[in-house]
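I have placed the structure first, in the form of structure tokens, so that the comments after it can refer back to it.
No lab work stands behind these numbers, since they all come straight from the coordinates. Every value quoted in this text rests on a predicted model; they were computed, and no experiment measured them.
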Amino acid sequence: MSGTGPGSRAGVSAGGSLSYPTAKILLYLAELAARDGGYRLLGVRGWVDPSEIERQTRIWGAAELMRLQARRGRVLAHDARPPGEGRPLWLYRIAQVGVDSLAESVNVWPAGVGDPIPGGDPCVFLREGPLRAWEALVLASKLGGSAVGEWVPGEPEWRTARELNGLLTDEDAAPGAWTRCFWSEDLRWLVSHAFAEQQIVDRTHVYRLTCVGAALRPLEWRDARR
């Protein structure tokens, strides 16, 4: 998309066909898809959840706005909930109709964003905390016993929440790296969905990955290319 400054309020107002919040979000979605960022679903990148839209655009109420834009055909919606999750977890991507509407609003030539490939997708969306807890459990399943030895004889993959967070800290120890972490409730969420199991050893809660959790394929975020 070219011919106007990103997020320009004056440029958006000139067209009059889109509200400022709608135009700003559509512009973010268009740039995310064009620069090959976001989550990859159905063969294409550019998918994003409403909380990330709010973080990037500072436009609140993105979930409701996205539902409205999906009904108008300007964005595509995909339910990426993991197995066992009762409520939908919607991800959104700009549609060509949205690009055309945005281009008309700011008076520029519309770009093409490509179409998703129809069919199922094995990847699911995990929120930040459960995703980090799952990553730690995967690490534990590949390593030997913990620093205190085996919590369960013959099953070295069991770890406490503190030990699991420590695995992420060690892996993110490179200078300037952002350290991942999670809370105990994130582990409990994984247990409740059968992605992890827990037991109590000497009054200490320990956790490990299940076969269902090992087969999980969470979506991976990628920042837009500059």
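Here the Karplus curve 6.51 cos²θ - 1.76 cosθ + 1.60, taken at θ = phi - 60°, turns the phi angles of the range 61-66 into couplings of x, 5, 4, 5, 5, 5 Hz, with x standing for Gly and Pro.
Between GLN198 and ARG71, the contour length at 0.36 nm per residue exceeds the Cα-Cα span by 41.5 nm. Highest GNM mean-square fluctuation, the chain, Cα pairs closer than 10 Å: which of ILE53, ILE117, ILE25? Greatest mean-square fluctuation among the candidates belongs to ILE117.
Rounded to two decimals, the Cα radius of gyration of the range 20-106 over 2.2 N^0.38 Å is 1.03.
Value of Rg to Rh for the chain, rounded to two decimals, is 1.08; Kirkwood radius and Rg both from alpha-carbon coordinates. Per-residue ellipticity at 222 nm, computed for the chain from helices alone with -39500 (n - 2.57) per DSSP H run of at least four residues, works out to -11500 deg cm²/dmol. Taking amide H as placed 1.01 Å from N in the peptide plane, the amide H of ILE94 sits under 5 Å from that of LEU76, each at least 5 places away or on another chain. For the pair the range 78-137 / the range 170-226, the C-alpha centres are spaced 22 Å from each other.
Taking θ as phi - 60° and the Karplus parameters 6.51, -1.76 and 1.60, the scalar couplings of the range 40-45 work out to 9, 9, 6, x, 9, 8 Hz in sequence order, x denoting glycine and proline.
Name the long-range amide H neighbours of LEU41: under 5 Å, sequence gap of 5 or more, or other chain; modelled H, no Pro or chain starts. Excluding prolines and chain starts, which carry no amide H, the hits are TRP47.
Dividing the alpha-carbon Rg of the range 106-226 by 2.2 N^0.38 Å yields what?
So the range 106-226 has a normalised radius of gyration of 1.35.
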